[in-house]
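S.K.: My questions all concern the structure below.
Values quoted throughout were computed directly from the atomic coordinates according to the rules given, and no laboratory measurement underlies them. No experiment lies behind these values; they were computed from the predicted model shown. Cβ atoms come from the backbone with ideal geometry, glycine included; neighbour counts cover every protein chain shown.
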Amino acid sequence: MQQRVVRRSVIGGAAGVLMAACGGAAGRPGATPSLPPQPVITVAVEPGVTGMVNPPGTPSVSGALRTLHALQYVDVRVGTGDSLQSRQCVYAHYTGWLADGTKFDSSRDSTRTGEPREPISFPQGMRRVIPGWDYGFEGMRVGGLRRLVIPFPLAYGEAGRPPVIPERATLVFDVELLAVRDTLARGPDEAIFPGAPPQCQGWRELP
């Protein structure tokens, strides 16, 4: 199976951390603490290019590394379903890790009451998630599985999102595209809320 990694410019801790990104993270008062050194991380590389792909403790992937808008990705599995089109609704499962391999969120984990979580959904390219996610699903087909490596400017910036996301944190995600749909038609309240982001149908409501 052909695999590849690409740098591109991509969401909320639990979905809250990812989805809250459009509001921007406020800076923290006081001096900025020094950050621990980054761990040694296995990478897939092309000549002259390096990047973090396999943090310790994450499922190992390999492939040719390419660069686009500072984001890296590896197509672990290429989907065979519908292609995601710009501004369509994305329905996906994801798992996120810090660069040291610490898992900070996964839609595949159960809720506190033991119920399964639903896949995340968002309109692609509409700034409802961190920039790395808006970019990172581009070119995927339904059924595809992709490893994303997102530098902090395309994630939560200098401040991070404490206590879940540290300052200047590079994030690693595995994302699986489960479905794509057009956004819902605007209702009569569009004139009342101009510029409101398009909405996606709920996962359980999909045909």
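S.K.: Under the Karplus relation 6.51 cos²θ - 1.76 cosθ + 1.60, θ = phi - 60°, what is the ordered set of whole-Hz ³J(HN,Hα) values for the stretch 163-170, x standing for Gly and Pro?
M.R.: x, 7, 10, x, 5, 6, 8, 7
S.K.: Could I ask something else about it? Quick one: what are the phi-derived ³J(HN,Hα) couplings along the stretch 100-112, Karplus 6.51/-1.76/1.60 with θ = phi - 60°, whole Hz, x for glycine and proline?
M.R.: Values, residue by residue: 8, x, 6, 6, 10, 5, 7, 6, 8, 7, 6, 6, 5 Hz.
S.K.: Further question on the same structure: Pull out the extension gain between residue 118 and residue 185, defined as 0.36 nm times the separation in residues minus the alpha carbon to alpha carbon distance; nm, one decimal.
M.R.: This chain segment gains 21.8 nm when fully extended.
S.K.: Please give the peptides 162-172, 176-186, 143-153 ranked by average Cβ packing (other Cβ atoms within 10 Å per residue), highest first, as a rough proxy for protection.
M.R.: Details: 162-172: 19.2, 176-186: 16.4, 143-153: 22.3.
Final packing ranking: 143-153, 162-172, 176-186.
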